[in-house]
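Presented below is the structure to which this report refers.
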Amino acid sequence: MEDLSKDTKRQVTIWLGVTLAMVLCMVFIGGVTRLTDSSLSMVQWRPLLGAIPPMNEQEWLEVFKQYQQFPEYKIVNNRMNLEEFKFIFFWEYFHRLFGRLIGLVFILPYLYFLVRKKLNKKWNRKLLLALVLGGSQGLLGWFMVKSGLVDRPDVSHFRLAAHFGLALVIMAYIYWLMLELKNKSYELSKNIAIKARKLMSFFGLTVVLQVIYGAFVAGLDAGIGYNTFPKMGRHWIPTGLNSYDSFWQFALESNTGVQFIHRCIGWVLFAFCIYFLIFASRSIKNEVIKRDFYLLSGMIFVQFCLGVFTILSRVELSLASAHQMGACILVLLTVKTIFDLTQVNKTEDVVIESANKTTA
C-alpha cells in the first residue's frame, strides 16, 4: 500500500500535535471543573445551542432556576447566590466549549485531507477511529454528568473513571499515530528486547490500574481524609476492614479502601522507577531506548512526589491538577517506550554497543 507523502506526513503530524496539546488542556480544564465542584452546574446537554452562554440577567436567572431543581443545589448548595453559581457554571461551560473547539480543530483538517485525497485507506481508517473516539468522549461526558442529576449530588466515580480513561486512550492513540509517522527503527539484542517488552507489559497494566484508582479517588473525594504519609493516620493498613460487607465494597466503593489501594499501587510504581534505572543502565545500550526508560523513571518519581504532596495538602487545587497532568505525561511516556520497543530490529548479540546512534 502506498505510504503518505513526506509533505502530508509533516502536515498530519503538526495537526495531530495540535490536537494532542488541546486534549491535554481539556484534561486540565476537566480536572479543575471536578476539583471546584462545577461539573453539575449545567443540567442540560445541548450539543449545538449549548455553545451559547446566558447573555443577560434574565437568562442567567433562568439557568440558575434550572440548577435549583437538582440534588446538588438542594442538598449541598442551597445557600448559593447567583454570582457564586456563575463561577461554577463558567468552568463546566468552558469545559464543554473547549471540547467543541477540539472537535472543529480535528474535523476541519480531516475534511481537507479527504477532499485533497492526501490520505490512503489505511490512514483514513486510523484517523476516522480517532474521530469516533472523540465523539464518544462527548457522549460519555454527558452520561457521567447525568449520574449526578438523579438522587445524589455527585457523579458516579465509575463513570468518572471511564470518562478520564477514555481521554487518556484518545491521547495515547493520537500520540501513537504521531510516532508511526516518524517511521524510525532501533537495534537491540533479542534477549533484552524480549525482557523489555515483558517488563513494559506489566508496567503498562499497573499504570492503567493506577489511573483507574486515581479517578476513583477523585470521584469519591477520597483524598480528603488520611492526610498523612507514609502511614494512613497512625497505621500502615487502615483499621476497620471488618466493617465492610465484602472486599469489593472496601476496594471499589469506600473512601478508605480506594485511597489505600491507590497508595499501594503507587509504591509498586515507585519500585518500577528504581528497577528501570538499574535495567537501563546495565542492560540497554541503545541510547533512544535507554532514554525512554530514564524519562519514565524520572516521571514516576515526580508523580509519586506530587501524589504525596496532594494528600498532605488535603487536595489543594494546584497540586491536585499537577498530579492529574503528571498522570497524562506518564501515560504518554509509557506509550513512547512501548512504541519504540515495537520498532526494534532484534539481533542475536547479547548487547549491541553502538546501535543506531544516529537516531538518538
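Every number in this text was worked out from the coordinates using simple rules, so none of it is lab data. Treat the numbers as computed from the prediction; the structure is a model and nothing was measured. Every residue, glycine as well, gets a Cβ built from its backbone with ideal geometry; the counts of neighbours run over all protein chains shown.
Note down the magnitude of the dipole of the chain about its Cα centre, charges +1 on Lys and Arg C-beta and -1 on Asp and Glu C-beta and zero elsewhere, to the nearest 20 debye.
Dipole of the chain, to the nearest 20 debye: 1200 debye.
When N is the residue count of the chain, what does its C-alpha Rg come to as a fraction of 2.2 N^0.38 Å? If you can, show how the numbers build up before the last one.
On the way: Rg = 23.0 Å, N = 360, 2.2 N^0.38 = 20.6 Å.
Working it through for the chain, the quotient is 1.12.
In debye, nearest 20, what is the charge dipole magnitude of the range 17-114 about its Cα centre with +1 on Lys and Arg Cβ and -1 on Asp and Glu Cβ, if you could check?
Roughly 220 debye for the range 17-114.
Which whole-number percentage describes the relative contact order of the range 185-360, with Cα contacts under 8 Å and a sequence gap of 6 or more? List each step's numbers first, then the result.
On the way: 201 pairs, mean separation 73.0, N = 176.
Reported relative contact order: 41 percent.
Could you work out how far the C-alpha centroid of the range 11-89 sits from that of the range 236-300, in angstrom?
Using only Cα atoms, the two centres lie 33 Å from each other.
Pairs of alpha-carbon atoms within less than 8 angstrom and 6+ residues apart define the contacts here; what relative contact order does the range 227-307 have, in percent?
Result for the range 227-307 is 21 percent.
Per q in 0.10, 0.14 1/Å, what log10 I(q)/I(0) does a Debye calculation on the alpha-carbon atoms of the range 1-120 return?
-0.45, -0.69
Sorted by average packing, counted as other Cβ atoms within 10 angstrom per residue and highest first, what order do 182-188, 220-226, 111-117 take?
220-226, 182-188, 111-117
Name the residues whose placed amide hydrogens come within less than 5 Å of the amide hydrogen of VAL344, ignoring near sequence neighbours (fewer than 5 apart) on the same chain.
TYR186
Let me check against my output: what whole-number percent is the relative contact order of the chain, with C-alpha pairs under 8 Å and at least 6 apart?
Values: 387 pairs, mean separation 78.5, N = 360.
RCO, the chain: 22 percent.
Quick one: dipole size for the range 185-360, taken about the Cα centre, charges +1 on Lys/Arg Cβ and -1 on Asp/Glu Cβ, in debye to the nearest 20.
Details: 15 positive and 11 negative charges, 76 e Å.
Dipole magnitude for the range 185-360 comes out near 360 debye.
Could you tell me how many degrees, from 0 to 90 and to the nearest 10, lie between the Cα long axis of helix 255-283 and the main elongation axis, the longest principal axis, of the Cα atoms of the chain?
Tilt of helix 255-283: around 20 degrees.
With all distinct Cα pairs included, what does the Kirkwood hydrodynamic radius of the range 68-202 come out to in Å, to one decimal, could you say?
One decimal place: 18.7 Å for the Kirkwood radius.
Report, in degrees rounded to the nearest 10, the 0 to 90 angle that the Cα long axis of helix 157-182 makes with the longest principal axis of the chain.
30
Just grab the label-to-label distance for LEU209 and GLN69, each label 7 Å out from Cα along the Cβ direction, in nm (one decimal).
About 4.5 nm, to one decimal.
In deg cm²/dmol, rounded to 500, what helix-only [θ] at 222 nm does the chain give when every DSSP H run of at least 4 residues adds -39500 (n - 2.57) and the total is split over its residues?
-24000 deg cm²/dmol
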